[in-house]
Amino acid sequence: CRDSNGELHEFGSSWRNADCYDCSCSRSGIGCCSSFATPVDYNEEKCVSIFSKETCTYEVVEKDDHSKECPVYGWVG
């Protein structure tokens, strides 16, 4: 299988790509799904979600003070 970056992967192999998706290669092609949950229920007027490719996670913090976390009531992924 050849991924979107042009890298070749063996049949039966699995990997995590640079965009934090878990991918696998089979004879029918490549399949990928997100390895992270996305916040969907939080105060969007006061807070902002920030994605970290280093940890493959979202952090939800106050817009005016990124050192203060905001509560999140729902995630999808």
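Please name all residue pairs, on different chains or six or more residues apart, with Cβ atoms under 9 Å, provided the first residue is in the range 65-77 and is under 12 Å from Ser49 (Cβ atoms) and open to solvent by 90 Å² or more (accessible area, probe 1.4 Å) and the second residue is modelled with pLDDT of 95 or more and of a type in the set (S, T, N, Q).
Filtered contacts from the range 65-77: Trp75/Thr38.
Scan (1) touching a residue at least 24 places away in the same chain (Cβ under 8 Å); (2) under 14 Å from the mean Cα position of the chain (by Cα) for the single condition Thr55 breaks and write down its number.
(1)
Pull up the range 15-60, narrow it to residues that are basic (Lys, Arg) and farther than 16 Å from Gly77 by Cβ, then point me to the one that is surrounded by the most Cβ atoms within 10 Å (Cβ to Cβ).
Here is the first cut: in the range 15-60, the residues basic (Lys, Arg) are 16, 27, 46, 53.
Now restrict to residues that are farther than 16 Å from Gly77 by Cβ: 27, 46.
Values: Arg27: 7, Lys46: 12.
It comes out as Lys46.
The values are calculated or read from the model by the stated rules, or taken from the named source; none is laboratory data. This one's a predicted model, so the numbers in the text were calculated from it and none came from an experiment. When we count neighbours, we look across all protein chains shown, and the Cβ atoms used for this are built from the backbone with ideal geometry, even at glycine. Each accessible area value is taken on the protein alone, full model and side chains, heavy atoms only, with ligands, DNA and RNA left out. Shrake-Rupley method; radii C 1.70, N 1.55, O 1.52, S 1.80 Å.
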